[in-house]
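Trainee: Structure provided below as structure tokens; questions to follow.
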Amino acid sequence: MNDNIKRESILAVANNLRWEVGDNLHDTLMESIYENATSIASKVVLYPDKKPAFSLDRTLDKILTSKYLGFPIMFLILAVVFWLTIQGANIPSGLIANLLVDTLHPALKNMANSIGFPWWLSGVLIDGAYLSMAWVISVMLPPMAIFFPIYTLLEDFGYLPRVAFNMDPLYKKVGAHGRQALTMAMGFGCNAAGVVATRVIDSPRERLIAIITNNFSLCNGRWPTQILIATIFIGGAAPAYLAGIVSAAAVVFIAVLGIVFSLLVSWGLSRTLLKGEASAFSLELPPYRPPRILQTLYTSLISRTIFVLWRAIVFAVPAGMVIWLVANINIDGVSVANHFINWSNPFAFIFGLNGIILLAYIIAIPANEIVIPTVLMLTVAKLGMMSVGAGSGVMFELDSVTDTAAILQAGGWTLLTGINLMLFSLLHNPCSTTIFTIYKETKSVKWTVISTLLPIAMGFTITFFVTQIWRLIF
């Protein structure tokens, strides 16, 4: 519509108003209309011979939604958020672990012994249930308390809608929704929170795709495993002066690989089980605004961090009991854990893993945070290293990466084992908190089962091919 047509429309409205109001009021209305029109035109109409007035929102959008700069800036911001989360969580995680694991755990054991608790009851409740809860809190709480506030600050500032805008063409090509990018980003903090975040997607079909693929976001419970294994095996295979860079690159590669898998699986689902075209995505980019600090802290710490942490604790406590029981119940003089490890080793070797890893991931379904403590506990028990750790069925971690590497290598771990564990950590079933959340959000056993089994099927498939190729080459 050109300016003449706009002016004629405005005059027609004004002339109609002239019949109903006096000339003075008519002039006032006309002046107001033209002032509003001029104000709007100055913001949205670009004239080739006139330099537009400076607009901070427009300037930022030109940069953040740029065809060439949008994605690099997005990955840079994501990398900074990960770095702040990982580095910022180290000290508080250590302090919480020192309090709950190193101080309170022995105190509770001494108290149980002093009042005459049976050894098995003390083991189940303190070495199992309590210790599992302590590890989950110490490993899970600090990263979430950092990641979720940062995520909410970016959301309040107005940047996250720009991420959805940038990612929409990519997700549309695979039959998904642009807002799936936001739910994937939330999944890097916690997959259960990412599943809940899919409520922003209106289309039921596209929301299901986002729910099923959210597990490919590397949640904070899996970052410690990735970093430790990358440091020991990937960094250990590189020259000393490159070890840190190579290790970090390996972890970033796994995170990016998860995004690639989310796109591939979205494409496959949209053409098989969830056929359909991507819906029209109408996104209004909100103005940039200063974040609301108090509301951000409440939203991120109370409604997200505490809510997710509580669910994880509820599932982790019985898992800790199971861990202690399988390590301490003996059949023919051999623990249930070792029976399973011996039985599953031949199967696990096909995928470049071992029976300890399989058992750890089975009994650590309630929380990825306890995978490494469980692996170490099972390894020293299997090898009979009685001087390491705190006893049978007691999960532990070591402060020294070198000592941890020595235990794993004594258990037969190789570079192939490390690579496949990193892949399997990305591609395995969701934790029980996420599985429960998927069911609550979908109200469907079918989609909950698919969401649970699809990643682990992919994990075994990918590790199988990596193992076969590795053995052909080396």
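Read-outs: derived from the displayed coordinates by stated rules, not from any lab. All values reported here derive from a predicted model rather than from experimental measurement. Here the Cβ is made from the backbone with ideal geometry for all residues, glycine too, and neighbour counts use every protein chain on show.
Trainee: What ranking of MET140, MET321, MET385 emerges when the number of other C-beta atoms within 10 Å of each C-beta is taken as an exposure proxy, fewest first?
Mentor: With the sparsest Cβ surroundings first, the list reads MET385, MET321, MET140.
Trainee: Just name one of LEU104, MET422, ASN342: the one whose Cα is farthest towards the positive end of the charge dipole of the chain (beta-carbon charges, Lys/Arg +1, Asp/Glu -1).
Mentor: Of LEU104, MET422, ASN342, it is ASN342.
Trainee: Further question: I need ARG311, ARG222 ordered by Cβ neighbour count within 10 Å, fewest first.
Mentor: ARG311, ARG222
Trainee: While we're here: Suppose every K and R has +1 on its Cβ and every D and E has -1 on its Cβ; what is the size of the dipole of the range 191-339 about the Cα centre, in Debye to the nearest 20?
Mentor: 340
Trainee: Could you tell me which helices of the chain pass both thresholds, a Cα extent of 30 Å or more along their own axis and a mean Kyte-Doolittle hydropathy of at least 1.6, with helices taken as whole DSSP H runs?
Mentor: Answer set is 70-97, 243-269, 307-328.
Trainee: Here's another thing I want to ask about it. Given a cut-off of under 8 Å on Cα pairs at least six residues apart, what relative contact order in percent is computed for the range 310-473?
Mentor: It comes to 23 percent, rounded to a whole number.
Trainee: Suppose every K and R has +1 on its Cβ and every D and E has -1 on its Cβ; what is the size of the dipole of the chain about the Cα centre, in Debye to the nearest 20?
Mentor: The calculated dipole for the chain is roughly 780 debye.
Trainee: Here is a further query. Ranked by Cβ crowding within 10 angstrom, fewest neighbours first, how are ILE115, ILE329, ILE254, ILE357 ordered?
Mentor: ILE115, ILE329, ILE254, ILE357
Trainee: Tell me the mean residue ellipticity at 222 nm calculated for the chain from its helices only (DSSP H runs of n ≥ 4, each -39500 (n - 2.57), averaged over every residue, nearest 500).
Mentor: About -21500 deg cm²/dmol.
Trainee: Contact order normalised by length for the chain, with contacts defined as Cα pairs under 8 Å and 6 or more residues apart; what percent is it?
Mentor: 17
Trainee: Then there's this: Can you tell me the mean projection area, over all orientations, of the convex hull of the range 310-473's alpha carbons? Units nm², please.
Mentor: Over all viewing directions, the range 310-473 projects a mean Cα-hull area of 10.6 nm².
Trainee: If you take the charge dipole of the chain about its Cα centre, with +1 on Lys and Arg Cβ and -1 on Asp and Glu Cβ, which of MET186, ALA312, TRP267 is farthest toward its positive end?
Mentor: Positive-most Cα among the choices belongs to TRP267.
Trainee: Rounded to whole Å and sorted largest first, what semi-axes of the equivalent ellipsoid does the C-alpha gyration tensor of the chain yield via the square root of 5 times each eigenvalue?
Mentor: So the three semi-axes of the chain are 53, 24, 21 Å.
Trainee: State the dimensionless ratio Rg/Rh of the range 215-267 (Rg: radius of gyration of Cα atoms; Rh: Kirkwood radius).
Mentor: Checking Rg against Rh, the ratio lands at 1.07.
Trainee: Would you work out the relative contact order for the range 92-221, in percent, from Cα pairs under 8 angstrom that are 6 or more residues apart?
Mentor: Across the range 92-221, relative contact order equals 20 percent.
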